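A.B. asks: Please find one structure pasted underneath; my questions will follow.
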Amino acid sequence: MTVLLVDAANVVGARPDGWWRDRAGAATRLLGRLAGLPGRSLPGPDGGVVVCDEVVAVVEGQARDVTAPVGVRVERAIGSGDDALAACAARLTADGTRLLVVTADRGLRARLPPATPVAGPGWLWRLLDEIGCAPPA
């Protein structure tokens, strides 16, 4: 079982769909799609299978106050989203939780616990599109 730890701002920013006009709305749409992942066996970024036990999304800035849908735990960054995600990853791995972090941020990747698997936003967007985790109506 794996926890998918998502850098929400980084993932939202990877698709030029006008997210910058409504950052909170874009984060809400992403979280709604992520809610369909827990409990599923997913094609992993390395070609293997990832059994998604839980989704944790780190939100920041204008998206910090979004409502968490059922199926997604939201970590609200008080300051830097990168700081919050790195701290969350450290806590979870210290507890023995298996993670897959989703971010394209190289600086953040370097701050993760050693050997933490990472996938880019493109992998997550393709996955959401392929398995039919549609945006909420």
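A.B. asks: Checking Leu100 against (1) at pLDDT 95 or above; (2) surrounded by fewer than 19 Cβ atoms within 10 Å (Cβ to Cβ), which test does it fail?
C.D. replies: (2)
A.B. asks: Check Ala94, Ala84 and return the single one that is among the small types (Gly, Ala, Ser) and surrounded by 13 or more Cβ atoms within 10 Å (Cβ to Cβ).
C.D. replies: Just a single option satisfies the conditions, and that option is Ala84.
A.B. asks: A further question follows. With Ala63, Ala57, Ala24 as the choices, which residue is surrounded by 14 or more Cβ atoms within 10 Å (Cβ to Cβ), within 14 Å of the chain's Cα centre (by Cα) and at pLDDT below 95?
C.D. replies: Ala63
A.B. asks: Related question: Report, ordered by the first and then the second residue, all pairs with beta carbons closer than 9 Å, sequence separation of six or more or different chains, a first member in the range 96-109 that is under 18 Å from Val50 (Cβ atoms) and touching a residue at least 24 places away in the same chain (Cβ under 8 Å), and a second member that is part of a loop (DSSP other than H, G, I, E, B) and β-branched (Val, Ile, Thr).
C.D. replies: Leu99/Thr116; Leu100/Thr116; Val101/Thr116
The values are calculated or read from the model by the stated rules, or taken from the named source; none is laboratory data. None of the values given here were measured: they were computed from a predicted structure. Positions of Cβ are generated from backbone atoms using ideal geometry, with glycine treated the same way; all protein chains shown enter the neighbour counts.
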